[in-house]
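Read the structure below first, then the notes.
The values are calculated or read from the model by the stated rules, or taken from the named source; none is laboratory data. Since the structure is predicted, the reported quantities are computational estimates derived from the model, not experimental observations. Cβ sites come from the backbone with ideal geometry, for glycine too, and all protein chains shown count toward neighbours.
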Amino acid sequence: MTTPGIGIIGPGAIADAHAHALGELGIPIVAVAGPNKDDLEDFTRRHSIRRHYREASDLLADSNVDAVIIAAPSHVHAQLSQDAISAGKPVLCEIPLALNLADARKVVDLAEHRGLPFGVAHTLRYWEPHRQLARELTDSGQPALHVAVRSMMLRQSDVGWTGKQRDWTDSAVWHHGSHAVDAALWFLGTTITDVNCLDGREWTNGAVMDASFSLKTTDDRIGTVDLSYHSRRPKSDFLVITEHNTWEIDGGTLFRNGETISVGQVSEIQANAIREQDRTFIQAVDGKTADFFSAAHAIPALEILATSTQLPTSPRTS
């Protein structure tokens, strides 16, 4: 395998995590692009990157960039993905792939037409507690009868998970909803036939801050996904009920019927998951697609999220 040179678009917090993961994998970051001069220079200094660009188009034109990780603000993911694919670059795009279903499908169709690896960073697919639970469900032959997912946090202002002020607005539905709904679909493991969505009232920025989705499978098993950006007590948990067991993932801990099965530090689990996710992307660039979560796999979750009746139409940027 020839080691590919990676370009990163968007030198923010999640790009830092990718940079550390790629470093551990021995994969060089050859260039980074971002509009903020100070952030760009700080990122290149900390990660010893030789070239940086203010425009993503310049990075995409760099012949040393073999593949691209898109870690820019959510509202530009779809366009940057199309630009990268059009430039012939394989892509790993952070969640959300797009802020509407039509744009997501357009990007997936373009990648398939060009025959390029194109993945979406559904990092929970690589979290060890989630993988362990998925294995337990498969090995036991007991399907989930009811899956309940909560993703709740405080995002009433444009401040990210690192505490840094942003100049763009996050989306409870399309960002954290993509993670949560995909996890519910993964654990249910079959086709969804019925979807209902309840949206909360609009926040002052016009965004959907609370939403609840209910799902029903072809064989009458159910799932619920609850999202909130108003919760002053963060919750990210997953309850999976089978005929004989009740499984729960709370942070980095997996429980079965209330008994602790495995324990891990969230920061370590997340770092390991990003490294594994990035490893599968690098392998896909080399033509090996096992365990690679392609963008096409992300569409079923987005189809469910599109049932939200209050969809963002013009994300606020400054």
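Across the stretch 102-130, what is the total count of residues that are within 21 Å of His176 (Cα to Cα) and surrounded by fewer than 16 Cβ atoms within 10 Å (Cβ to Cβ)? Selection size over the stretch 102-130: 1. Can you find even one residue in the stretch 14-31 that is among the charged types (D, E, K, R), buried (at least 16 other Cβ atoms within 10 Å of the Cβ) and within 19 Å of Asn272 (Cβ to Cβ)? Scanning the stretch 14-31, I find at least one residue that is among the charged types (D, E, K, R), buried (at least 16 other Cβ atoms within 10 Å of the Cβ) and within 19 Å of Asn272 (Cβ to Cβ), so the answer is yes. Annotation: of all residues in the stretch 257-268 being assigned to a strand (DSSP E or B) and free of Cβ contacts under 8 Å to residues at least 24 places away in the same chain, the one that is nearest to the chain's Cα centre (by Cα) is Thr260. For the stretch 76-87, indicate whether the set of residues that are free of Cβ contacts under 8 Å to residues at least 24 places away in the same chain, touching a Pro at 6+ places or on another chain (Cβ under 8 Å), closer than 23 Å to Ala31 by Cβ and not charged (D, E, K, R) is non-empty. Yes, the conditions are met somewhere in the stretch 76-87.
Candidates are the residues of the stretch 304-318 that are out of contact with any strand residue (DSSP E or B) (no Cβ under 6 Å at 6 or more places or on another chain) and surrounded by 15 or more Cβ atoms within 10 Å (Cβ to Cβ); the one that is modelled with the lowest pLDDT is Pro315.
Would you point out the residue of the stretch 235-255, among those that are of a type outside the set (Ser, Thr, Tyr) and in contact with a Leu (Cβ under 7 Å, 6 or more places away or on another chain), that is nearest to Ser308 (Cα to Cα)?
So the residue we want is Val240.
Per the listing Ala31, Ala78, the residue uniquely modelled with pLDDT of 95 or more and under 22 Å from His297 (Cβ atoms) is Ala78.
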